[in-house]
Structure formats: C-alpha cells, structure tokens
1. What is the helix-to-structure angle for 2-21, meaning the angle in degrees between its Cα long axis and the longest Cα principal axis of the chain, kept from 0 to 90 and rounded to the nearest 10?
2. Determine, for the chain, the count of lysine pairs separated by eight or more sequence positions (or lying on different chains) whose alpha-carbon distance falls under 22 Å.
3. Hey, what do the phi angles of the range 30-35 turn into as Karplus ³J(HN,Hα) couplings, whole Hz, using 6.51/-1.76/1.60 and θ = phi - 60°, x for Gly and Pro?
4. Hey, what did the chain get for relative contact order, percent, Cα under 8 Å, at least 6 apart?
5. With a 10 Å Cβ neighbour count serving as the proxy for reagent exposure, in which order, fewest first, do MET125, MET114 appear?
6. Collect residues whose amide H, placed 1.01 Å from N in the peptide plane, falls under 5 Å from the amide H of MET125; neighbours closer than 5 in sequence don't count.
7. Which residues' amide hydrogens lie under 5 Å from the amide hydrogen of LEU62, considering only partners 5 or more residues apart or on another chain, with H built in the peptide plane?
8. About the Cα centre of the chain, how large is the charge dipole given +1 on each Lys and Arg Cβ and -1 on each Asp and Glu Cβ? Please answer in debye to the nearest 20.
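Read-outs: derived from the displayed coordinates by stated rules, not from any lab. Since we're looking at a predicted model, the values are computed, not measured. Every residue, glycine as well, gets a Cβ built from its backbone with ideal geometry; the counts of neighbours run over all protein chains shown.
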Amino acid sequence: MKRLVTVVVVMLSLFAQVATAQQLYSHDKVEYTFELPSATWRAILEPDAGHEHPEFVYGDRLDGYLTIRKEAVEAGTGPSELARRDQDLTLRFLPGFVPGKQESFDGRLDGVTMSYEYVRGGKTMLGRIYYLTTDNRTIYALRFTGLRDKLSRIRNQTDLIARTFKLK
C-alpha cells in the first residue's frame, strides 16, 4: 500500500511540474495567444516597429524554430488551398525538398497541417506548418522547422502550441 501511495505522489508531482511549465504567450502587438509547453521554448524576436512577427526557438534554432504569419486570403480560400499554394510557390524550391502529407487539424482553431523535408548545410531538416482558419479571409500559419530527428521528437509540443492558439 505504501508503494502505491508513493507512486501516486510521484506521478502527481510530475504532472504538476508539467502543468506549471506551460506559459501563456501574449504580446500587445499581436492579436493572438498560445501556450508554450516548456521553459525550453523562448522568444528570440518580439514584435516591434521593425519586426511584425515574433520568433521562437526550442533551445537552439536547429532543435526547433517557430514563426507565425497572418495570411490574408481571398474569401472562401481554405487552409488546404493555402498549403498547396505555399508548396507550389515557395517550399518546392528548398534544396532537397520532399513533400509530406497534409492532414486535418483540430484545436481552438481548426485547419490543416503539412509536413515536408529539405536539406540545409548537409543536414536533413523537417518543416511542419499548421494552417489555422480564423475567418473566411484570414489564416494563421505556424511554421516550425528543425533537424528532422529533433523536431520529430517534440511533435507533441508543436501540436500543443497549435491547439492552444487563439485570437484575443
């Protein structure tokens, strides 16, 4: 019985640590908030007069890098169409580009995700973009990049960031 109680106490303390590690990101110059799942995520560029989009890293830029862009689209353009357009107009020109699959995504804002691989400096990189629809003319693109193995390991964290993304 003592072992069971000890295991339960240890598990609860671990869950409490995970819950308290999450931080809400908000800034006066952006229209949204989201949760950063651990203290390893940090802002490296805050919005100001010269930079309209914040940037984040997971420890190091190669471990995980996030930029967020607000995309104004024609009325009725869906996130799948924007993902295809991004792939056709920009992503396919990356060195060693290998397209991945597109999947639907459910969070506070729904949309799609698209993954892809490319090569930078002789290293295989992974990109994962979450296209989240706010209305019929606005889609936010959360663009994650990093070394393939490292970004794959924190997929649960990129999903959490996208799931908690919402307008103020």
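1. Once rounded, the angle reads 30 degrees.
2. Lysine pairs meeting both conditions in the chain amount to 8.
3. 10, 9, 9, 9, 6, 9
4. 23
5. Numbers: MET125 21, MET114 24.
Starting with the residue having the fewest Cβ neighbours, the order is MET125, MET114.
6. The answer is TYR118, VAL119, ARG120, ARG148.
7. none
8. Numbers: 24 positive and 21 negative charges, 137 e Å.
Dipole magnitude for the chain comes out near 660 debye.
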